[in-house]
1. Report those helices (runs of 4 or more DSSP H) wholly inside segment 130-211 carrying at least 3 residues which are of a type in the set (A, V, I, L, M, F, W, C) and surrounded by 15 or more Cβ atoms within 10 Å (Cβ to Cβ).
2. Can you report the number of residues in segment 444-497 which are under 29 Å from residue 518 (Cα atoms) and in contact with a Pro (Cβ under 8 Å, 6 or more places away or on another chain)?
3. Just to confirm my filter: which strands (runs of 3 or more DSSP E) fall fully inside segment 222-268 and include at least 1 residues that are among the acidic types (Asp, Glu)?
4. Is one or more of the residues making up segment 87-110 in a strand (DSSP E or B), surrounded by 17 or more Cβ atoms within 10 Å (Cβ to Cβ) and aromatic (Phe, Trp, Tyr)?
5. How about segment 297-398: which helices (runs of 4 or more DSSP H) wholly inside it have at least 1 residues that are touching a helix residue (DSSP H, G or I) at 6+ places or on another chain (Cβ under 7 Å) and under 25 Å from residue 516 (Cβ atoms)?
6. Going by what's in this entry, would residue 309 be described as within 23 Å of the chain's Cα centre (by Cα), of a type in the set (A, V, I, L, M, F, W, C) and more than 30 Å from residue 442 (Cα to Cα)?
7. Please find, among 556, 583, the residue that is modelled with pLDDT of 95 or more, at negative phi and buried (at least 22 other Cβ atoms within 10 Å of the Cβ).
Amino acid sequence: MSRLPAALLLCCALVLPAAAHADAPQPGTPKPLPAIAISGQPKYPPGFTHLDYVNPDAPKGGTLRLAKMGTFDSLNPFVLKSTPAPGLGGLVYQTLMAQSADEPFSEYGLIAKTVEVAPDKSWVVFNLRKNARWNDGTPITAADVVWTFNTLMKDGAPWYRVYYAAVKSAVAEGPLTVKFTFRAKNNHELPMIVGGLPVLPEHYWKGKDFATTTTLMPLGSGPYKVKSVKYGRRIVYEHVKNWWAENLPIVKGTYNFDTVSYDMYQDATVLLQGFFAGEYDLHEENIAKSWYTEYDKPSVKKGYIKKEMIPNHMPQGMQAFIFNIRRPMFKDRLVREALNYTFDFAWSNKQFAYGSYKRTTSYFENSEFASSGVPQGEELKILEPFKKQLPPELFTRPFTLPTTSGNGYDMRQNLITAANLLKQAGWKVNGSGVLEKDGKPFTFQFLIYQAAFARWINPMINNLRRLGIKATVRLVDPAQYQKRMDDFDFDMAVGGFGESLSPGNEQRNYWGSAFADVRGSSNLIGIKNPVVDKLVDMIIHAPDRKALIVRTRALDRVLLWNYYVIPNWYLAAYRVAYWNKFDRPEIAPKYAGSVTFAALDTWWYDPQKAAKIPHRFLQGK
């Protein structure tokens, strides 16, 4: 399971349920469990008191002020009609089960106290906690869970209907017991996918139009509720007093701030200036040049701002210049391969990132799922039946990306190779030096929302011009960028496909043919490849981790050899700066996904540290 759309990233004692669950388990009847794992056993045993990476006695109080690029106009993160405010998923809403951040993929009871999984994975039952409450004091029931599932399938963002397509039904078998039945058996991830379902209050939405309502103040069951909103500019959350889940082992020691706020910025330079002016507390730096040139400030030198490189143990996935292969000029694999030769990564990395990045060479970079060499053993057996449908080179040589020395003067051979590939694809340079096919010139546009990417793209544009291709850059604001990506309204864009320690159902959303025409899906490229569909299905039904690794490597190899993207780069660490008024546990959550997530979950406010920061620094002086 990997990075999901924001609505899914949302991270009582049992009454007698239906007769099948009322008595001691019969032969073949699953035992109610407090936690489940994608493979093996969960790290934390029944009866554990808290996660290893939290301080169970962390003091509560203070404020964590965050900031994001972009805007928002909605408080409903489950529909696609608008842009939701940051923080809603993880702070306001809760899921049936919750993941820990120090193991590959396990889930522990949150709204659900226990879970029962059929031996053949054909169904799953969740037994809810008697004390689980909405933040208006109303109990959470199985009817809420069923209503949530049916509502998201009917009125939620379009991708829900595909993402949960394998779920046949959700039925309340008792006031606190809900059963999900699946359309197929032996999908090891489906019970956990359903465990990640955000639960919504049926009574609150009664009489309201879920599909169109976006500004209604939300009611959730999470640790925070919305305190105030300035649409497009700011949202403030306040901690729920006497939160019902406060002392559950999976959340004890987390959510330690009284208040969490997000300020929105439209410009990366202004965003960083706001941080140094003390307008928000924590900044994750994504621009290498800024990291090396913009932090020479008195507040940093005096230790009032801490600047750290924190190791990133997460798989890095694929950040890339992505082709929209719905566009005619990008349908041919030879064309996509040719354009890979126009990107001089080595030179750009030196010029724009102080040589700090590594080139991404896998869709599962920085993980054991990344392919290498030529396919052998079990992986070869998986791929051989598709031999006629795959590039022959896949079986004979390792996948490599075009390289240069980085001196800026040796692109000639790469461009010759690119020109030959384009010629094979039927493109020819006319008398005016324009590359064309069937009388149509080769032109396209890069779509970006961060100006910093332009300096990486402009050298490519110069190289493309030498081939007779006219390319331009279009910089739009984040909201417009998101809308155009949702509508697949772009030629080439900067995009990313995040991965986790356990690839699974989300791979369909990324690459599956069924998602290629679903507005708002993550199949931004528009892939409709039967071999990819088959490999994704094999990954989802992998019987164990060994098979999962081999099958994922096979998928990685097929994606790479189809040249669906021009891979970018990655950094196996987080660049983070924060005002020195917080404490955090000695053990960091290894798989938190970002320092911001870790801070929200495990850090706490230290008033004594905060008092040492002179007020003049918080005014940006």
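1. 142-155, 190-195
2. 1
3. Strands (runs of 3 or more DSSP E) meeting the threshold: 234-239, 259-265.
4. Checked segment 87-110: at least one residue is in a strand (DSSP E or B), surrounded by 17 or more Cβ atoms within 10 Å (Cβ to Cβ) and aromatic (Phe, Trp, Tyr).
5. The helices (runs of 4 or more DSSP H) meeting that bar are 333-340, 377-383.
6. Judged against the criteria, residue 309 is a match.
7. Exactly one residue qualifies, and that residue is 556.
Conditions tested, residue by residue: (1) not in a helix (DSSP H, G or I); (2) not assigned by TED's automatic domain parsing to the domain that holds residue 338.
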site: 533; (1), (2): no, no
site: 543; (1), (2): yes, no
site: 546; (1), (2): no, no
site: 556; (1), (2): no, no
site: 587; (1), (2): yes, yes
site: 610; (1), (2): no, yes
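The values are calculated or read from the model by the stated rules, or taken from the named source; none is laboratory data. Fair warning: this is a prediction, and the values are worked out from it, not measured in the lab. In this analysis, Cβ positions are derived from the backbone assuming ideal geometry, glycine residues included, and neighbour counts consider all displayed protein chains.
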